[in-house]
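Colleague: Sharing a structure here in structure tokens format.
The values are calculated or read from the model by the stated rules, or taken from the named source; none is laboratory data. In this text the structure is predicted, and so the values were computed from the model without any measurement. Glycine also receives a Cβ, built like all others from the backbone with ideal geometry; neighbour counts cover every protein chain displayed.
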Amino acid sequence: MIRHVLVAAVVLAFSAGAAVAQPKIEKGPIKQVPVSDAPLMFNTYCAVCHGKEGKGNGPAAAALSKVPADLTRISARNGGKFPDLTPGR
Ligand code: HEC
């Protein structure tokens with residue numbers, strides 16, 4: 001009898017801990033969004049790692065071995081100039 005109570009307590013403690021520690025992982029086909037909508041593209045394809053504000057703190061960031069770059073600081077990290085490849089600039 002006492003053994004059953006202990007097992008129930010361990011299972012309860014484990015599932016309560018798992019509910020707090022485990023983020024919800026959604027798996028499925030990638031959603032296609034129009035290329036003409038840049039904010040929607042960012043939110044769909046990039047924000048999961050880089051975060052909605054681009055600061056590198058999206059919900060998947062903790063699962064990566066390398067921290068996603070803070071995209072709001074690209075120019076600052078390159079001497080104040082955005083490192084694009086646009087011809088003629
Ligand atoms: C699976 C997670 C993940 C997704 C999704 C993702 N990134 Fe990243 N990104 C990273 C990580 C991690 C780094 C840092 C890599 C490094 O430092 O070597 C990075 C680096 C970058 C950098 C380099 C910044 C710099 O200063 O060097 C750019 C730009 C970038 N990402 C843009 C994007 C864009 C745009 C998207 C969406 C189309 C995107 N990323 C989607 C994880 C991700």
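Colleague: Quick one: count up the residues across segment 52-66 that are more than 10 Å from the ligand (Cβ to nearest atom) and among the small types (Gly, Ala, Ser). Break it down into steps so the answer makes sense when it comes.
Modeller: Step one: filter segment 52-66 for residues more than 10 Å from the ligand (Cβ to nearest atom), giving 52-53, 55, 57, 59, 62.
Then drop every residue that is not among the small types (Gly, Ala, Ser), which leaves 62.
Matching residues across segment 52-66 total 1.
Colleague: From the list Ala60, Ala21, Ala69, exactly one residue is surrounded by 12 or more Cβ atoms within 10 Å (Cβ to Cβ) and at pLDDT below 95. Which is it? Break it down into steps so the answer makes sense when it comes.
Modeller: Working: Ala21 fails: surrounded by 12 or more Cβ atoms within 10 Å (Cβ to Cβ); Ala69 fails: at pLDDT below 95.
Unique residue meeting the criteria: Ala60.
Colleague: Turning to a different aspect of this structure: Any residue that is within 10 Å of the ligand (Cβ to nearest atom), of a type in the set (Gly, Ala, Ser) and either within 19 Å of Ile25 (Cβ to Cβ) or in contact with a Leu (Cβ under 9 Å, 6 or more places away or on another chain) (or both) - is there at least one of those in segment 67-75?
Modeller: No: segment 67-75 contains no residue that is within 10 Å of the ligand (Cβ to nearest atom), of a type in the set (Gly, Ala, Ser) and either within 19 Å of Ile25 (Cβ to Cβ) or in contact with a Leu (Cβ under 9 Å, 6 or more places away or on another chain) (or both).
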